[in-house]
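Right, one structure below, let's go through it.
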Amino acid sequence: MQSFLKLNITEEMKSYILAFFLSLVLTTVPFILAIQKIFSSHINCIIFLLCAISQIVIHFIFFLHLNFSSKERWNLITLLFVIVIIFIVVFGSIWIMHNLNHHMM
């Protein structure tokens, strides 16, 4: 009976559970702030951005297992390359649309 009640939770499972609860908190905090309107809209926007950035970091570290070890370095370099490409595409498109809007007026 005792062996049935004893849970065999590995360190990996503990990290997944911790990351899940942190993600849950970082999702509910902005939701509650948006519903209750406790702070001004500028402070809420800053809190939303901080929660979103920290949630991205938590997902990268705990779920995707990205770190600075030599084994995972290529995954991190690939992620950084993808982020640079997305940055170029998004902000290049915004720049082009703004430029077209300026010249069309």
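The values are calculated or read from the model by the stated rules, or taken from the named source; none is laboratory data. For clarity, every value in this text was computed on a predicted model and none was experimentally measured. Here Cβ is always computed from backbone atoms with ideal geometry, including for glycine, and neighbour counts include all displayed protein chains. Accessible surface areas use protein heavy atoms only, side chains included; no ligands, DNA or RNA. Shrake-Rupley method; radii C 1.70, N 1.55, O 1.52, S 1.80 Å.
Does anything in the stretch 36-54 have its amide N under 19 Å from the 7 Å Cα→Cβ label point of Leu22, and if so which residues?
Counting backbone N atoms under 19 Å from the label point, the list is 47-54.
Using 1/(1 + (r/R0)^6) with R0 = 22 angstrom and r between the beta carbons of Leu33 and Ile53, what's the FRET efficiency to the nearest 0.05?
Numbers: r = 16 Å, r/R0 = 0.71.
Computed FRET efficiency for Leu33 and Ile53: 0.90.
Give the accessible area for Leu100 in Å² (nearest 10); use a 1.4 Å probe, count only protein heavy atoms, and leave out ligands, DNA and RNA.
100 Å²
With all protein chains present, how much of the accessible area of the stretch 3-105 (probe radius 1.4 Å) comes from carbon and sulfur, to the nearest whole percent?
C and S atoms contribute 77 percent here.
Rolling a 1.4 Å sphere over the protein heavy atoms, what is the accessible area per residue of the stretch 26-95, to the nearest Å²?
80 Å²
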